[in-house]
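Comments concern the structure below.
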Amino acid sequence: MIDFDKAILRMGSGSLKWDDAASRFGAEVLPMWVADMDFASPEAVQAALAERVSHPVYGYPSGKEAILRIAADWIEKRHGFQPDPDHLLLMNGVVSGISAAVRAFTRIGENVLVLSPAIPPFFSAVQEQERTLLEVPLRKEKNNRYEIDWPKLETLLPEARMLVLCSPHNPTGRVWDYAELYHLGSLASRHGVFVLSDEVHADLAYPGHPHTPFAQLFPDSLLLGSAGKSFNIAGIGGAFALLEDEQHRKCYAKELRRSHLDEMSLFSLTAMKAAWEKGQPWLDRLRDYLHSNASHLGQRLSTELPGIDYVLPEFGYLAWLDLRALGLEDQDIAGHLLKARLGLSPGPYFGSEGHGFVRLNFGTSRAVLDEGIDRLAQAFG
Ligand SMILES: Cc1ncc(COP(=O)(O)O)c(C=O)c1O
C-alpha cells in the first residue's frame, strides 16, 4: 500500500533539495524549497528502473516510437484529449525545451511575454537569448484568486512575438479555467502571437479544477509536458512536446536537433513508460494527499499566522504565501526564516511580482509539513 505519511530520509541521497540546502541557505534548514517531493515514486516505476539497472549495459535506448503512443494515451486518459502520436516530439527536459522554443519561434531582439511571477528559467530563456522580456502581472483579485492583468496583456500583445504560459501556474497555484485559456488564446491569435504552454504540473490538478490542455483549444500552439513532476522523477529528465501544426512542428524539431536536445535518456524512457502505463492509481492517491496537505496548511495558517495570506492552490504541492501584510523587507523575511531554520523559495526569485512572498513546497509527509509550519510560526508568529 502507498503510505505518503512515511517520511523517507533523503539526506545523503545526492538530493539538491536536502543535501545542498545548508550551503544554499547558509545553515541546516528544513528544506521546503525546490519543486520535487519527498515521496517514493510509484512501485511500478521503481521496479521498471531496477529491472533495467540489473542489465549491466547502459547503451543508447530504443523504444522512442512506443513512448510517443504511450504519452498520447496518457494525455487522453488524464485530460480527455487524444493527440496524434505523430504530433509529439521527445526531448531531454521542459526547461531546455522552453529555451529551444524561444530560439525556434522568435528572433534576437523580439519581445516575449511572460506572466509574472514565474520560475526563473522563463525569464532567462528570454533575456539570456537576447530577446526582450515583457511581463504581464498576475494580480490577486477581490475574489481571492490570482488573475491575469488583462488590460496590460492587451496593451503588450501587439508588440509581442511569443507568449510563454505556465498552465497550471507555478507559483500562484492557479489552474487556468477554460474561459481564461480561451480568452488568452483568442487574444494571442488575433495579434499573431505564438503561445508555448508549459503543462508540467497539469497531472496534479485537484478535483474541481480540471486542466484544459491549451493545444486542445488552440492547435497552432506548443505544449510541453513530462512525467517529472507528477511521478517525482524530475531528476531523471525527459519531456515531450506537442505541436499539431506541421510547419511549427518541423521548425521546432529542427531546433531540437540542431541543439541536440531531441533525445530522452535510457532511464527517462524506462521511468516514463512505467509511470504512464501503470502509475494512474498512485497519482490519484498522491493528488488527494497533496490536496489534504494544502487544506491543512490553510487551517493552521488561518489560526496561527493570520498575517500570512494564503490562497489555496488548485493543483500540486506549491503554496504561494503572501507576507506583505507583515511589512517586512525581503531580506528580513529571509533572516527570520533562517533563524527558524526553514528553507523556502524567496519570492523575488520569481521576479518583481514576488516581493513580499515566499513559496513553500508541501510535497512531503504531514509530519514534516507540520514541522515546517511550526518553524514558520517561530519565524513570524
Ligand atoms: C513550470 C515548470 N516548468 C518546468 C520545470 C522543470 O522541468 P524540467 O525538469 O523538465 O526541465 C519546472 C520545475 O520546477 C516547473 O515548475
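Sequence-ordered 3J(HN,Hα) estimates for the range 229-237 from the Karplus curve with 6.51, -1.76 and 1.60 and θ = phi - 60° stand at 6, 4, 10, 6, 10, 4, x, 8, x Hz, glycine and proline given as x. Taking only the C-alpha atoms of the range 182-244, the Rg (one decimal) and the largest Cα-Cα distance, Dmax (whole number), read 13.1, 39 Å.
Report the FRET efficiency, 1/(1 + (r/R0)^6), for R107 and R190, where r is their Cβ-Cβ distance and R0 is 35 Å, rounded to 0.05. Don't skip to the answer; put the middle values down first.
Numbers: r = 21 Å, r/R0 = 0.61.
FRET efficiency, R107 to R190: 0.95.
Label separation (E180 vs Y60): 4.3 nm, computed from points 7 Å beyond Cα along the C-beta direction.
Translational diffusion of the chain was estimated from the Stokes-Einstein equation, with Rh taken as the Kirkwood radius over Cα pairs; at 20 °C and 1.002 mPa s the coefficient is 100 µm²/s.
Note on V53 and R324: the model spin-label points, each 7 Å out from Cα along the C-beta direction, lie 4.6 nm apart.
Solvent-accessible area per residue in the range 177-324 equals 37 Å², computed with a 1.4 angstrom probe and all protein chains kept. In units of the compact-protein estimate 2.2 N^0.38 Å, the range 253-381 shows a Cα radius of gyration of 1.34. 3J(HN,Hα) along the range 257-268: 5, 4, 9, 6, 10, 8, 10, 10, 6, 3, 6, 6 Hz, from the Karplus curve 6.51 cos²θ - 1.76 cosθ + 1.60 with θ = phi - 60°, whole Hz, x for Gly and Pro.
At a 1.4 Å probe radius, carbon and sulfur cover how many percent of the accessible area of the range 57-278? Please report the intermediate quantities before stating the final value.
Working: 4490 of 8920 Å².
After summing per-atom areas, the C and S share lands at 50 percent.
The residues W176, W18, sorted by heavy-atom accessible surface at 1.4 Å with ligands and nucleic acids left out, run W18, W176 from largest to smallest.
What's log10 of I(q)/I(0) for the range 57-278 at q = 0.12, 0.16 Å⁻¹, Debye sum over Cα points only, no solvent? Debye output, listed in q order: -0.60, -1.10.
Keeping all protein chains in place and using 1.4 angstrom, which order do I333, I8 fall into by accessible surface area, from largest down? Spell out each step's value before the answer.
Details: I333 5, I8 70 Å².
The ranking, largest first, comes out as I8, I333.
Annotation: extensible slack from S302 through K142 equals 55.8 nm (criterion: 0.36 nm per residue apart, minus Cα-Cα distance). Distant-in-sequence amide contacts of S116, defined by a placed amide H-H separation under 5 Å and a gap of 5 or more residues or a different chain, comprise V136, L138. Annotation: extensible slack from S295 through E130 equals 55.2 nm (criterion: 0.36 nm per residue apart, minus Cα-Cα distance). Accessible surface for the range 1-109, divided over its residues, is 54 Å² per residue with a 1.4 Å probe. Distance between Cα centroids, the range 186-248 to the range 296-359: provide it in whole Å. Between the Cα centre of the range 186-248 and that of the range 296-359, the gap is 27 Å. Sorting the segments 289-302, 133-146 by their residues' average number of neighbouring beta-carbon atoms within 10 angstrom, most packed first, yields 289-302, 133-146. Residue order by solvent-accessible surface for E180, E263 is E263, E180, largest first, with ligands and nucleic acids left out and a 1.4 Å probe.
Starting from the coordinates of the alpha-carbon atoms of the range 236-311, obtain the Kirkwood hydrodynamic radius over all distinct pairs and give the value in Å to one decimal. Value: 16.4 Å, from the Cα pair sum.
In summary, the convex hull built on the alpha carbon positions of the range 1-94 has an orientation-averaged projected area of 9.2 nm².
If you count Lys pairs in the range 57-278 whose Cα atoms are under 27 Å apart, skipping same-chain pairs closer than 8 places in sequence, the total is 18. Remark: the range 122-230 carries a charge dipole of roughly 220 debye about the Cα centre, counting +1 on each Lys and Arg Cβ and -1 on each Asp and Glu Cβ.
With θ taken as phi - 60° and the Karplus curve 6.51 cos²θ - 1.76 cosθ + 1.60 applied, the whole-hertz 3J(HN,Hα) list for the range 15-22 is 9, 4, 4, 9, 6, 9, 5, 4 Hz, x standing for glycine and proline. Full extension of the chain segment joining E43 with A253 gains 72.3 nm, where the gain is 0.36 nm per residue of separation less the Cα-Cα distance.
Once backbone amide H atoms are built at 1.01 Å from N, L342 has L30 as its partners under 5 Å, excluding neighbours fewer than 5 places away on the same chain. How many percent of the accessible area of the range 291-381 is carbon or sulfur, using a 1.4 Å probe? Carbon-and-sulfur percentage of accessible area, whole number: 51.
If you put +1 on each Lys and Arg Cβ and -1 on each Asp and Glu Cβ, how big is the dipole of the chain around its Cα centre, in Debye rounded to 20? Intermediate values should be presented prior to the final figure.
On the way: 37 positive and 49 negative charges, 66 e Å.
Computed about the Cα centre, the dipole is about 320 debye.
Between the listed residues H209, A160, L222, the Cα displaced farthest toward the positive end of the dipole of the range 57-278, a dipole computed from Cβ unit charges relative to the Cα centre, is found at H209.
The values are calculated or read from the model by the stated rules, or taken from the named source; none is laboratory data. Bear in mind the structure is a predicted one, so any value in this text is a computation, not a measurement. Note that each Cβ is placed from the backbone with ideal geometry, even for glycine, and that neighbours are counted across all protein chains shown. When the accessible area is computed, the model is the full protein with side chains, heavy atoms only, and any ligands, DNA or RNA have been set aside. Shrake-Rupley method; radii C 1.70, N 1.55, O 1.52, S 1.80 Å.
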